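Undergrad: Structure incoming, see below.
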Amino acid sequence: MASHFNAISDPRKKGSCYYSQKDVLMSAFSCMYFQEPSLLKFQQQMEDQQGNNNCRSLFGIENIPQSSQLRDVLDNIPSDAMAPIFKDFFSRLRRHKHLEGYAILPNVLMCSIDGTQYYSSKKISCEHCLHKEHKTGEKPIAMLFYREPLCILIKTSYSCYA
């Protein structure tokens with residue numbers, strides 16, 4: 001994964017960044033992996049107690065960014081830059097036959113799609129935010145927000161084909 005992250009061009013000014021883009025992207029992935037909302041605090045506690053942390057030992061992260069820095073960097077990376085990562089991992093799963101148990105027909109996977117809203121504000125926004133106006137009384141209130149599609153492969157408990 002790190003090699004894919006290294007291949008994504010970094011739009012920030014060279015030499016003026018404390019956190020490498022690879023560290024930011026690996027930190028974002030590790031937040032999802034560990035299901036930990038405050039990654040920096042959690043890893044610093046582990047570092048203090050054990051002299052090492054999972055981000056360094058498992059993901060090769062040198063410097064863990066704070067949540068605000070992580071969001072600032074991620075907001076400037078186009079989502080299509082992540083497509084090669086998905087394509088690579090999907091082909092690896094398929095090549096090693098990890099997806100066969102999820103097939104509902106030969107070479108057909110069932111994917112359930114849903115969505116979630118994970119950020120909203122009346123004041124803070126970026127060019128990628130969605131915009132919605134709520135009417136409360138006479139004055140409309142603008143809400144700025146993000147939504148995220150979620151996809152889940154569904155596995156049947158029995159074989160649908162012989």
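The values are calculated or read from the model by the stated rules, or taken from the named source; none is laboratory data. Just so we're clear, the structure is a prediction, and the values are computed from it rather than from any experiment. Note: ideal-geometry Cβ built from the backbone for every residue, glycine included; neighbour counts use all protein chains shown.
Conditions (1) at pLDDT 85 or above; (2) among the polar types (S, T, N, Q), marked per residue:
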{"residue": "Met1", "(1), (2)": "yes, no"}
{"residue": "Phe5", "(1), (2)": "yes, no"}
{"residue": "Asp10", "(1), (2)": "yes, no"}
{"residue": "Lys13", "(1), (2)": "no, no"}
{"residue": "Ser16", "(1), (2)": "no, yes"}
{"residue": "Asp23", "(1), (2)": "yes, no"}
{"residue": "Phe29", "(1), (2)": "yes, no"}
{"residue": "Lys41", "(1), (2)": "no, no"}
{"residue": "Asn54", "(1), (2)": "yes, yes"}
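Undergrad: Identify, from the list Asn76, Asn54, the residue that is among the polar types (S, T, N, Q) and in contact (Cβ under 8 Å) with a residue 60 or more places away in the chain.
TA: Numbers: Asn54 fails: in contact (Cβ under 8 Å) with a residue 60 or more places away in the chain.
Of the residues listed, the single one that is among the polar types (S, T, N, Q) and in contact (Cβ under 8 Å) with a residue 60 or more places away in the chain is Asn76.
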